[in-house]
Amino acid sequence: MELAPEHVYSAGAFLLDIKEPHKILGRTKAPLLAPEEDYETKGDVNNVVFPTGACILDNELFVVLMVLQIRSAVLPRLNYKRY
């Protein structure tokens, strides 16, 4: 599928109130993930990152994302405290 070059599928994050999850407490100002690598910028659909899960271990954010529309990858060592 070809998309216009200005169309980019990126991912950000937001924090919800634990007792009132309809309230947004904060969100990232810029995407946490944006297509940069060849396997993100060229494929069945170009310019896409598609995170499917995340966890924090020892103050590091690990993000699982789909790449090449058929494989998955883990991006380690994103320091979540800077966001």
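Just so you know, all these numbers are worked out from the coordinates, no wet-lab data involved. Because the structure is a prediction, the values reported are computed rather than measured. In this analysis, Cβ positions are derived from the backbone assuming ideal geometry, glycine residues included, and neighbour counts consider all displayed protein chains.
Distances between placed amide hydrogens fall under 5 Å for residue 46 paired with 3, all partners being 5 or more residues away or on another chain.
Extension gain, residue 59-residue 28: 0.36 nm per intervening residue step, less the Cα-Cα distance, totals 9.4 nm.
Each residue of the range 44-59 was assigned a 3J(HN,Hα) from its phi angle through the Karplus curve 6.51 cos²θ - 1.76 cosθ + 1.60 (θ = phi - 60°); the sequence is 4, 10, 7, 6, 9, 10, 9, x, 10, x, 7, 8, 10, 10, 6, 6 Hz, with glycine and proline shown as x. Note down the net charge around residue 17, summing +1 for each Lys or Arg and -1 for each Asp or Glu among other residues with Cβ under 15 Å from its Cβ. So the surrounding residues net to +2. Between residue 52 and residue 11, full extension at 0.36 nm per residue minus the direct alpha carbon distance yields a gain of 13.7 nm.
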